[in-house]
Amino acid sequence: MLIMDLEKNLTKILIIDYGSQFTQLIARRIRELGVYSRIISHNKIKLKDILNNNVGGLILSGGPLNVYQSNKIKFDKRIFNLGIPILGICFGHQILSKNLGGKVKGSKYREFGLATIKKKNKSLLTRGFFNNKNTCNVWMSHSDEVSKLPKAFSVIASTNNSKFAMIENYKKKIFGIQFHPEVTHTKNGKKILSNFVFSICKLKRNWSSKQQKTKLIKQVKNQVKNSKVICALSGGVDSSVVAKLLKEAIGNKLICIFVNTGLLRKAEEKQVVSTFKKKLKINLIYVNAKNIFLSKLKNVSDPEKKRKIIGNLFIKIFEKHARKIKKIKFLAQGTLYPDLIESKSVTGSQTSKIKSHHNVGGLPKKMKLQLVEPLKYLFKDEVRKLGLELKLGKEIVLRHPFPGPGLAIRMPGTITDKKIKILQEADYIFIRELKKHNLYNKIWQAYAALLPVKTVGVMGDNRTYEYICLLRAITSEDGMTADFFNFNKNFMQLVSNKIINNIRGINRVVYDVTSKPPSTIELE
Ligand code: XMP
């Protein structure tokens with residue numbers, strides 16, 4: 001797929017991806033500045049793509065390779081002569097230095113984490129970046145470094161271990177920086193990106209949720225014309241925004257199908273029906289498939305088997321109901337930009353293979369439907385902003401992500417109706433308290449899980465023998481990496497007491513303090 005098939009006319013920052021885990025963050029930061037950005041893999045990019053697509057600036061990302069592994073890296077030196085400003089970050093800094101006559105070697109001291117960078121010379125790139133001592137804390141993650149400056153370059157700033165940590169050829173508007181300005185740990189990192197975009201590339205703001213709303217509605221209308229579209233609505237942010245957008249674009253020609261798997265959060269099915277059918281007047285077919293999901297999952301405890309059973313059954317049920325609707329030509333899906341980006345190609349690593357994700361991606365092939373994917377160039381936070389612009393309630397738009405297989409993967413071991421009810425209550429109490437204490441929106445995702453272990457407790461004067469409830473709350477930028485949220489003791493105690501006092505079946509509450517990696521966000 002050519003990544004540049006859309007938004008040809010929009011002036012953009014093009015990010016050439018060398019496989020860094022932070023590439024998507026760079027794109028998001030640029031868009032947060034109000035300027036359109038796109039990512040393209042280094043082995044897909046062609047010079048004519050850059051020339052024909054209104055590229056106003058190029059960013060070369062970081063990556064896990066060494067610049068001398070030339071068989072794995074595609075680099076076209078002609079990009080230096082296009083007159084387009086270039087910013088190389090980490091590996092990007094090294095690869096441009098090497099290709100412009102500098103040298104890169106393994107660092108004597110590897111730098112991972114925070115480092116202090118010191119100003120050596122004035123630069124447009126660092127306006128407003130350094131403190132009054134001419135230093136700044138930056139986030140480093142590298143074991144190679146530029147050891148000889150490329151020709152016609154000068155040093156902007158250095159760290160103790162990295163003399164050429166920031167360099168420039170101002171005349172040619174080429175810049176290289178060893179640290180990562182896109183991560184929040186780099187104080188004032190956004191200043192660097194903003195100076196690059198506005199002062200060096202001289203771009204104007206062209207990207208906002210208001211503009212997108214109008215444009216996407218127009219695009220959907222053009223694509224669908226008078227045909228009917230079906231949409232698998234889950235009640236999550238992405239499918240909800242798709243449904244609302246399509247309702248605005250094509251009105252009653254949109255038909256949503258909502259399958260209740262019985263593995264949803266407490267009262268979620270009622271909430272979805274009341275919001276979408278009653279309030280937003282969207283055509284909604286409600287399918288209560290709880291019993292069939294439960295019976296197919298009986299005695300199944302293997303995580304992958306659970307996921308496969310749920311995914312396949314979901315597709316079967318969805319298809320059965322979709323087939324009853326006449327003259328359907330399109331299927332709308334909440335595919336997001338991160339689903340399309342192939343940054344895994346550099347190392348061959350594929351984190352998505354760790355778990356087989358459940359979504360409706362398997363549908364169209366069998367049903368011969370054309371896809372409508374209006375969100376496919378947006379990041380999750382942009383989808384949320386679009387949702388607010390579409391006047392979808394905050395309750396839906398700011399909701400934490402919820403996995404397709406639902407509570408099944410928050411309940412290691414076998415699944416029973418009784419366990420689901422216990423878990424729904426525990427999760428409800430946890431989330432309710434997070435909201436009450438204004439913590440919900442500070443957390444990327446939080447949930448309760450039920451561990452398949454019973455332990456002994458004492459309540460009143462009686463012995464109890466019940467399940468353990470595990471609470472998980474994480475902060476994250478994109479779900480790829482995560483850290484646990486640091487609650488204070490009082491809050492933890494309050495939630496633990498409420499869960500144990502109100503739910504029969506749980507007599508112990510534990511908090512998961514692992515980050516991702518090494519753990520994952522969900523338990524299965
Ligand atoms: P993990 O557990 O892989 O989760 O660290 C990362 C994010 O993905 C969500 N998740 C899913 N979302 N279908 C989905 O739509 C799935 O099968 C699925 N499995 C995990 C998870 O909730 C977290 O936000």
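The values are calculated or read from the model by the stated rules, or taken from the named source; none is laboratory data. What you are looking at is a predicted structure, and each value in this text was computed from that prediction instead of being measured. Heads up, the Cβs are rebuilt from the backbone with ideal geometry, glycines too, and the neighbour counts pull from every protein chain shown. Only protein heavy atoms, including side chains, enter the accessible area calculation; ligands, DNA and RNA are left aside. Shrake-Rupley method; radii C 1.70, N 1.55, O 1.52, S 1.80 Å.
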Check: If the Cβ limit is 7 Å and pairs must be 6+ apart or interchain, which residue in segment 58-72 that is in the same structural domain as Leu25 (by TED's automatic domain parsing) and in contact (Cβ under 8 Å) with a residue 12 or more places away in the chain pairs with which residue that is part of a loop (DSSP other than H, G, I, E, B) and among the polar types (S, T, N, Q)?
Finding: Ser61/Ser20; Gly62/Ser20; Gly63/Ser20; Pro64/Thr347
Next item on the list: Starting from segment 116-138, keep only residues that are assigned by TED's automatic domain parsing to the domain that holds Asn195 and over 10 Å from Ser158 (Cα atoms), then list their pairs with residues that are surrounded by fewer than 18 Cβ atoms within 10 Å (Cβ to Cβ) and acidic (Asp, Glu) whose Cβ atoms are within a distance under 7 Å, requiring at least 6 positions of separation or different chains.
Entry: none
Check: If you go through segment 234-245 one residue at a time, do you hit one that is assigned to a loop (DSSP other than H, G, I, E, B), within 28 Å of Phe318 (Cβ to Cβ) and without any contact (Cβ under 8 Å) to a residue 24 or more places away in the chain?
Finding: no
Next item on the list: Look through segment 285-332, keep the residues that are in contact with a helix residue (DSSP H, G or I) (Cβ under 6 Å, 6 or more places away or on another chain) and part of a loop (DSSP other than H, G, I, E, B), and return whichever of them is surrounded by the fewest Cβ atoms within 10 Å (Cβ to Cβ).
Entry: Val300
Checklist line | segment 223-239, subset crowded, with 22+ Cβ neighbours inside 10 Å and among the hydrophobic types (A, V, I, L, M, F, W, C), residue farthest from the ligand (Cβ to nearest atom) | finding: Val229
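Answer yes if at least one residue in segment 432-451 is in contact with a helix residue (DSSP H, G or I) (Cβ under 8 Å, 6 or more places away or on another chain), open to solvent by 20 Å² or more (accessible area, probe 1.4 Å) and within 14 Å of the ligand (Cβ to nearest atom), and no otherwise.
Looking only at segment 432-451, we keep the residues that are in contact with a helix residue (DSSP H, G or I) (Cβ under 8 Å, 6 or more places away or on another chain), and these are 433-434, 437, 439-440, 443, 446-450.
Still in the running and open to solvent by 20 Å² or more (accessible area, probe 1.4 Å): 437, 439-440.
Next cut, within 14 Å of the ligand (Cβ to nearest atom) only: none.
No, there is no match, as no residue in segment 432-451 is in contact with a helix residue (DSSP H, G or I) (Cβ under 8 Å, 6 or more places away or on another chain), open to solvent by 20 Å² or more (accessible area, probe 1.4 Å) and within 14 Å of the ligand (Cβ to nearest atom).
What residue, of Asp76, Asp49, Asp144, is in the same structural domain as Tyr18 (by TED's automatic domain parsing), open to solvent by less than 70 Å² (accessible area, probe 1.4 Å), acidic (Asp, Glu) and under 24 Å from Arg205 (Cα atoms)?
Values: Asp76 fails: under 24 Å from Arg205 (Cα atoms); Asp144 fails: under 24 Å from Arg205 (Cα atoms).
Only one candidate qualifies: Asp49.
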Next item on the list: Considering only segment 29-46, state which residues are open to solvent by 30 Å² or more (accessible area, probe 1.4 Å) and at pLDDT 95 or above.
Entry: Glu32
Notebook entry, point to check: Which numbered condition trips up Ala115, out of (1) assigned to a strand (DSSP E or B); (2) surrounded by fewer than 17 Cβ atoms within 10 Å (Cβ to Cβ)?
Noted result: (2)
Next item on the list: Could you run through segment 404-418 and say how many residues are in a loop (DSSP other than H, G, I, E, B) and either more than 11 Å from the ligand (Cβ to nearest atom) or modelled with pLDDT of 95 or more (or both)?
Entry: 7
Check: In segment 360-388, how many residues are open to solvent by 50 Å² or more (accessible area, probe 1.4 Å) and away from the ligand (no atom under 16 Å from the Cβ)?
Finding: 7
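So, in segment 39-56, how many residues would count as being in contact with a Ser or Thr (Cβ under 9 Å, 6 or more places away or on another chain) and not aliphatic (A, V, I, L, M)?
To start, the set of residues in segment 39-56 that are in contact with a Ser or Thr (Cβ under 9 Å, 6 or more places away or on another chain) comprises 39, 41-44, 54-56.
Those still in the list that are not aliphatic (A, V, I, L, M) too: 41-44, 54, 56.
Result for segment 39-56: 6.
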Note to self: Taking the criterion of being within 16 Å of the ligand (Cβ to nearest atom) and open to solvent by 80 Å² or more (accessible area, probe 1.4 Å), would at least one residue in segment 499-517 satisfy it?
What the structure shows: yes
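Just to be sure, is Phe487 over 27 Å from Gln21 (Cα atoms), open to solvent by less than 20 Å² (accessible area, probe 1.4 Å) and of a type in the set (Phe, Trp, Tyr)?
Details: over 27 Å from Gln21 (Cα atoms): yes; open to solvent by less than 20 Å² (accessible area, probe 1.4 Å): no; of a type in the set (Phe, Trp, Tyr): yes.
It is false that Phe487 is over 27 Å from Gln21 (Cα atoms), open to solvent by less than 20 Å² (accessible area, probe 1.4 Å) and of a type in the set (Phe, Trp, Tyr).
Give Asn160, Asn131, Asn137 a once-over and let me know the one that is farther than 17 Å from His93 by Cβ, open to solvent by 10 Å² or more (accessible area, probe 1.4 Å) and within 30 Å of the chain's Cα centre (by Cα). Can you show your working first?
On the way: Asn160 fails: within 30 Å of the chain's Cα centre (by Cα); Asn131 fails: within 30 Å of the chain's Cα centre (by Cα).
That would be Asn137, the only listed residue that is farther than 17 Å from His93 by Cβ, open to solvent by 10 Å² or more (accessible area, probe 1.4 Å) and within 30 Å of the chain's Cα centre (by Cα).
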Check: Gly404 fails exactly one of the following numbered conditions: (1) open to solvent by 20 Å² or more (accessible area, probe 1.4 Å); (2) within 14 Å of the chain's Cα centre (by Cα). What is the number of that condition?
Finding: (2)
